[in-house]
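Here the structure is laid out as C-alpha cells; the discussion comes afterwards.
Read-outs: derived from the displayed coordinates by stated rules, not from any lab. On a predicted model such as this, the values are computed, not experimentally measured, just so you know. Counting neighbours? That spans all protein chains shown, and the Cβs are built from the backbone with ideal geometry, glycine included.
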Amino acid sequence: MAQQSKTIIDLETRFWQSMVDKDAASAKALIAEECLITGPQGSMLIDPAAYEAMTEQGNWSLETFSFSAIQVIFPKDDTAVIAYTVNQRGDMDGRPMDLTCADATTWVSDGSAWKCVLHTETIMEDRSR
C-alpha cells in the first residue's frame, strides 16, 4: 500500500508541477474524459481539451506550491483519494496570490493509467488573526 500511496502523491505533484510549468500536454494527460473541479469560483465539468485550454490561456501563474498533512486512501483497487493542505504562491488576474488551501483529488485507474476524475479546493481561514 505504501508504494501505491507514493504513486498517487507523485501524480498529484505532477498535476501541480504542470501548472507551475504551464505544461498543457502534461496537464491534459492527467485528466479523465469527464472530470469535476470545485473551488472558490464554483464547480465545472471539464474534459482533457478544456483543461489543456485552461492551462494555456488562464490569466494566472503558479510560482511555488508545497504539500503538508497528506493522506491517501484506496476505497477500491482502482480508486484513490488524496487529501492534503497546499500552500500556493503566484498571481491571479494580475494580483499576488499566497493561499493555504485544503485540497482533495480522486484518481481512477483504467488499468494502464491513473486519471483525475474530481479535484476540490477550499481556501483555509487565516486563524492567526
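I need to check one value: relative contact order of region 38-107, counting alpha carbon pairs closer than 8 Å and at least 6 residues apart, in percent. Let's see the in-between values first.
Values: 99 pairs, mean separation 18.4, N = 70.
With pairs under 8 Å counted, the relative contact order is 26 percent.
Quick one: net charge around GLN41, please, counting Lys, Arg +1 and Asp, Glu -1 for every other residue with C-beta under 12 Å from its C-beta. Don't skip to the answer; put the middle values down first.
Details: positive: none; negative: ASP93, GLU121.
Charge balance in the 12 Å sphere: -2.
Could you calculate the FRET efficiency of GLN41 with ASP91 from 1/(1 + (r/R0)^6), where r is the beta carbon distance between them and R0 is 22 Å, rounded to 0.05?
Working: r = 16 Å, r/R0 = 0.71.
Using R0 = 22 Å, I get an efficiency of 0.90.
Using Cα centres only, tell me the gap between region 1-53 and region 59-76 in whole Å.
Between the Cα centres of region 1-53 and region 59-76 lies a distance of 10 Å.
Identify which of LYS28, LYS115, LYS76 has the largest mean-square fluctuation in a Gaussian network model of the chain, with springs joining Cα atoms closer than 10 Å.
Comparing LYS28, LYS115, LYS76 in the GNM, the peak value goes to LYS76.
If you average 1/r across every pair of different Cα atoms in region 21-93 and take the reciprocal, what Kirkwood value do you get, in Å? Could the numbers behind the result be given before it?
Working: mean 1/r = 0.0708 Å⁻¹.
Kirkwood hydrodynamic radius for region 21-93: 14.1 Å.
What does the convex hull of the alpha-carbon atoms of the chain project to on average, in nm²? Present the calculation step by step, with values, prior to reporting the outcome.
Working: hull surface 32.9 nm².
Spelled out: convex hull of the Cα atoms, projected over all directions, averaged, 8.2 nm².
Under 10 Å, Cα contacts only: if you run a Gaussian network model on the chain, which one of ASP23, ASP47, ASP77 comes out with the highest mean-square fluctuation?
ASP77
When only C-alpha pairs under 8 Å and at least 6 residues apart count, what is the relative contact order of the chain, in percent? Each step should come with its number before you reach the end.
On the way: 240 pairs, mean separation 28.8, N = 129.
Once divided by the residue count of the chain, the mean separation gives 22 percent.
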